[in-house]
Amino acid sequence: MPTPDDVVITGIGLLTSLGEGAEANWAALRGFSAPVLDRERFAPYAVHPLPEIDWSQQIPKRGDQRQMEAWQRIGTYTAGLALDDAGIKGDEALCATMDMIVAASGGERDVDVDSMILEKAGESDEDIGIAINQVLTTELRPTLFLAQLSNLLAGNISIVHKVTGSSRTFMGEEGSGISAIQTAAARIRAGQSTHALVGASYNGEHPDMLLGFELAHLCLRGEWAPVWDREPIEGGGMITGSGGAFLVLESRSHAEARGAKIYCTLGRIAADQGPVGTQQTTARLERLAAETGIAEADMIVSSASGALARTADEKAFLAAHAPSVPVRGITSAFGFLRDAQFPIAVAVAALSLSHGEDLPPLGSDFETQAEKAPSSIGVLTTGFCAAEGMVVLTKANGGGE
Amino acid sequence: MTRFTDHAGRPVIAITGAGVVSSLGAGKEENWAKLTSGQSGIHTIRRFATEHLRTTIAGTVDFMTPAEAGSGALTYALAEAAALEAIREAGFAIDDFGGPMFLAAPPVELEWWQRLKLDEDGRKAGGTAPGYDRLLLAARAGAHPDFFGSTRFGDVAAKLQTRIGARGLPITLSTACASGATAIQLGAEAIRRGEAERVISVGTDGSVTAEALVRFSLLSALSTQNDAPEKASKPFSKDRDGFVMAEGAGAFVMESLESATARGATILGILEGCGECADDFHRTRSKPDGSPAIAAVRAALADAGAGTDGVDYVNAHGTSTPENDKMEYLSLSTVFGEDMASIPISSNKSMIGHTLTAAGAIEAVFSLLTIRTGTLPPTINHLNPDPAIALDVVPNVKREADVRRVLSNSFGFGGQNTCLVIAAQPA
């Protein structure tokens, strides 16, 4: 039964390789046949690139755009889309009391400066530490640091969109996105907050980001395949992408009082982390499934990364515990968006429920056809190297427990 | 309001364990003895080459890990030391804490020694030109499991979770220089929601590197008074010229007072309130009227159910930058009015420097010790007061005082403002 304290979703902002805006992404997913991939720029790695964006649509001042690196621009832009969608953008009173939790790891290095130092390291007889100091001191753009700092995505959202009730930034790959939504929703449910902006963004089009994953041999190097089917392909199974996902969460009473459109009701988020052996991972997934009731949902939207071991564990868990529930691995379509993996899966589930349409299979035989439009959808994130999170979403008038 | 609930009917939060490491030393005892005697931990940097750098001083912690282990290893070691001290004091098993963890930690990236090693490996693997293609080749060609850990933002939390047996998915957070306070705030909120009977909140920062110094220097944030390192950090002085980067960690174990009392724990103090407000003015500068900082202070007092007349001492953010100290004075004098002249306020950063991500947690520990010992730590290097800042900064020498309630301020880049109210246990 719906209650005034339910947490509901009233705004969705999406920006991915498939397009801009919640509706465009939903339409692209419904008609999905193949991903948008750039195979040239970072060969032998492919990335799901961002489309051409007119940043001034959400970040009007050129000066603000220049102060950001790509991940911050994506996030600030997507946050603006979510606020617009919720009908909160530009409402000074609502923005000034709005809480914000951003999942952001951040950090984009200046490739030219780094390359300059590496070049110097090879040819210099000088102490390399001294040479590094000299290049950094003379070559680093003074404001680059602010475009790298994790909490400055939230800072830019405050500056551009005037969201100032509170500002917290969580870090740590998929886990940060899970915790961000979990904490924002728990605060609303407990009356510590009435409305919150929560989400994440990621720029996959940067060699330093690829380097982080490839240090553990996680990147796929052959042809694209759906996330569930990458074991036979050369490399580690992950294809990264660029994109962002932001949500506006509200208490049902707050949303109804201002006449907001309600996408769906968000249940309690369950999350855990521990040793990543198959046995321990499975035990945690089983416990989270029992807490959330995910196996009873009509559909499961998964943000499985494609990373071979963790995705195999997730696949086996789903086959064993939710064999009759149709699963959709949305990373097949969007690419891996690190901190945004859980938020974007929640957004897709919300769109499916509000449209009253199922999400068709995204190319894998593991994804069976749905028999009906779902009225409850489970979201599952098994982090590529740590963290697991689950939640069940129900239709707008559904109960939140 | 009962013994176990506060003015808003929420669980009262007891602090039952505290731990700290700074450039002054490891542990509360050593830190407090040195801090109250006005000793500085700021020194000339010896850990790495400082040629070409405008600032060559810092409050680095050089006694925890070998220099070559890098900043990730130090950040973890600092967090572990502070967390273990807090857990031991609270009387829990150090490997089975059993509550959730909130960790304020600096953002991570591969360090230069790691990039250079990868470049070398890439050259051996046949890479021709230096650059990211060669680094990626090295990554593909060899095994670098430790380097992978250095790129993971959740790595320190995952290791610490395993070490202390924290429950659930740990939260790693960054609200810039307010991070340590935010970690405590998140923990307090979780107890108030009834999600946990006990939590551990940690702030840690071991990230003083040449590149970090360059980054802050380019923003003109650092003191360049390199000649007398221990005198460079001079909050609220007329000749202050920036903060001094530093390292350290602070930790609190917090519990519902009810649960702490039931198990017979020693109650060290009460976390009464937290308040925050974001600033939308500028990435590094505060709104000129100080309104976000004012709102954060007021929100913390309201959350604590305390009036402006109930604060006995303020643990300042007090970074020693021209901008911060002026803004902090403006906001406090706005909130407290004429009373502010008689409320002592001091800056720990005059001695330990600005420990960045850890600062809010370390200063919360020192705020607690102020209450418990009745000693106000001084603001050292206060020889040339800024006439525009009329505050009782406890200049240069500690002072004895009966302190029942402390306001601890944290303000950071990106418009972050978080304040904590810490109080003595009600009699």
Task: Other protein chain Cβ atoms within 10 Å, averaged over every residue that makes up B:284-296 - done: 1
Task: Nitroxide proxy distance, nm - points 7 Å out along Cα→Cβ at residue A:283 and residue A:3 - done: 3.2 nm
Open item on the list: Charges at C-beta only: +1 for Lys and Arg, -1 for Asp and Glu. How large is the resulting dipole of chain B about its Cα centre, in Debye rounded to 20?
Closed with: 440 debye
Task: Those GluC sites (Glu not before Pro) in segment A:32-120 that DSSP places in a loop and that have at most 14 other beta carbons within 10 Å - done: A:40, A:52
TODO: Name the shape class, rounded, prolate or oblate, that the alpha-carbon gyration tensor gives for segment A:71-200, where a ≥ b ≥ c are the square roots of its eigenvalues, rounded holds for a/c under 1.5, and otherwise prolate holds if a/b is larger than b/c and oblate otherwise.
DONE: prolate
Task: Set of aspartates and glutamates near residue B:326 by C-alpha distance (under 20 Å), chain-local residues within fewer than 8 positions excluded - done: B:239, B:241, B:276, B:279, B:280, B:289, B:338, B:339, B:363, B:386, B:392
- [ ] Sum up the charges of everything whose Cβ sits under 10 Å from the Cβ of residue B:316, counting Lys and Arg as +1 and Asp and Glu as -1, but leave residue B:316 out.
- [x] -2
Open item on the list: Please report the spacing between the Cα centers of segment B:357-427 and segment A:281-336 in Å, no decimals.
Closed with: 49 Å
- [ ] Would you mind checking the pairs A:120/B:124; A:61/A:261; B:34/B:349 and listing those with alpha carbons more than 20 angstrom apart?
- [x] A:61/A:261
Open item on the list: Sorting check: for B:245-254, B:142-151, which peptide has the highest mean count of neighbouring beta carbons within 10 Å, and how do the rest follow?
Closed with: B:245-254, B:142-151
Task: Candidates B:328, B:230, B:258, ranked by Gaussian network fluctuation over chain B, Cα under 10 Å, top entry - done: B:258
- [ ] Taking the Cα centre of segment A:2-143 as origin, work out the dipole magnitude from +1 charges on Lys and Arg Cβ and -1 charges on Asp and Glu Cβ, in debye rounded to 20.
- [x] 380 debye
Task: Top positive-direction residue, dipole computed over chain B with Cβ charges, set B:236, B:182, B:297 - done: B:182
Open item on the list: Could you tell me which residue out of A:36, A:46, A:18 lies farthest along the dipole of chain A toward its positive end? Charges go on the beta carbon: Lys and Arg +1, Asp and Glu -1, centred on the Cα centre.
Closed with: A:18
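Can you give the extra length, in nm with one decimal, that the chain gains between residue B:339 and residue B:162 once fully stretched, where that is 0.36 nm per residue apart less the Cα-Cα distance?
Length difference between fully extended and current span is 59.0 nm.
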Task: Length gained when the stretch residue A:130-residue A:40 is fully extended (0.36 nm per residue, less Cα-Cα span) - done: 28.8 nm
Task: Set of aspartates and glutamates with alpha-carbon distance to residue A:395 below 16 Å, sequence-local pairs under 8 removed - done: A:5, A:6, A:250, A:256, A:296, A:298, A:357, A:358
Open item on the list: Between A:258, A:328, A:66, where does the largest GNM mean-square fluctuation fall for chain A, given springs only between Cα atoms within less than 10 Å?
Closed with: A:258
TODO: Quickly rank A:93-104, A:198-209 as a protection proxy: mean count of other C-beta atoms within 10 Å, highest first.
DONE: A:198-209, A:93-104
- [ ] State whether chain A is rounded, prolate or oblate according to the following rule on the C-alpha gyration tensor (a ≥ b ≥ c being the square roots of its eigenvalues): a/c under 1.5 gives rounded; otherwise a/b larger than b/c gives prolate, and the remaining case gives oblate.
- [x] oblate
TODO: Summarise the partner chain shielding of B:270-281 as one whole number: the mean count of Cβ atoms from other chains within 10 Å of each residue's Cβ.
DONE: 4
- [ ] Grab the DSSP H runs of chain A that are 4 residues or longer, score each as -39,500 (n - 2.57), total them, divide by all residues and round the 222 nm result to the nearest 500 deg cm²/dmol.
- [x] -11500 deg cm²/dmol
Open item on the list: Among A:165, A:57, A:331, which residue has its Cα furthest toward the positive end of the charge dipole of the protein assembly as shown, with +1 on Lys/Arg Cβ and -1 on Asp/Glu Cβ?
Closed with: A:165
Open item on the list: Taking beta carbons within 10 Å but only from partner chains, what does the mean come to for residues B:127-136?
Closed with: 6
TODO: Can you tell me the alpha carbon radius of gyration of segment B:64-211 divided by the globular rule-of-thumb value 2.2 N^0.38 Å?
DONE: 1.23
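So which DSSP H runs in chain A come out at 15 Å plus along the axis (Cα) with average Kyte-Doolittle of at least 0.5? Kindly include the intermediate steps, with their values, before the conclusion.
Values: long enough: A:70-86 (24 Å, -0.01); A:111-123 (18 Å, 0.10); A:128-139 (16 Å, 0.92); A:173-189 (25 Å, -0.11); A:278-292 (21 Å, -0.85); A:308-321 (19 Å, 0.01); A:341-355 (21 Å, 1.37).
Going by DSSP H runs, the hits are A:128-139, A:341-355.
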TODO: Please find, in a Gaussian network model of chain A (springs between Cα atoms separated by less than 10 Å), the residue of A:309, A:290, A:180 whose mean-square fluctuation is greatest.
DONE: A:290
TODO: Only Lys, Arg, Asp and Glu count, each charged at its Cβ (+1, +1, -1, -1), so figure out the dipole size of the protein assembly as shown about its Cα centre, rounded to 20 debye.
DONE: 980 debye
Task: Relative contact order (%) - chain B, alpha-carbon pairs under 8 angstrom, separation at least six - done: 24 percent
Open item on the list: What value in Å³ per residue do you get for the convex hull of the alpha-carbon atoms in segment B:1-81?
Closed with: 172 Å³
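No lab work stands behind these numbers, since they all come straight from the coordinates. It should be emphasised that the depicted structure is a prediction, and the values quoted were computed from it without experimental measurement. We place every Cβ from the backbone using ideal geometry, glycine too, and count neighbours over all the protein chains shown.
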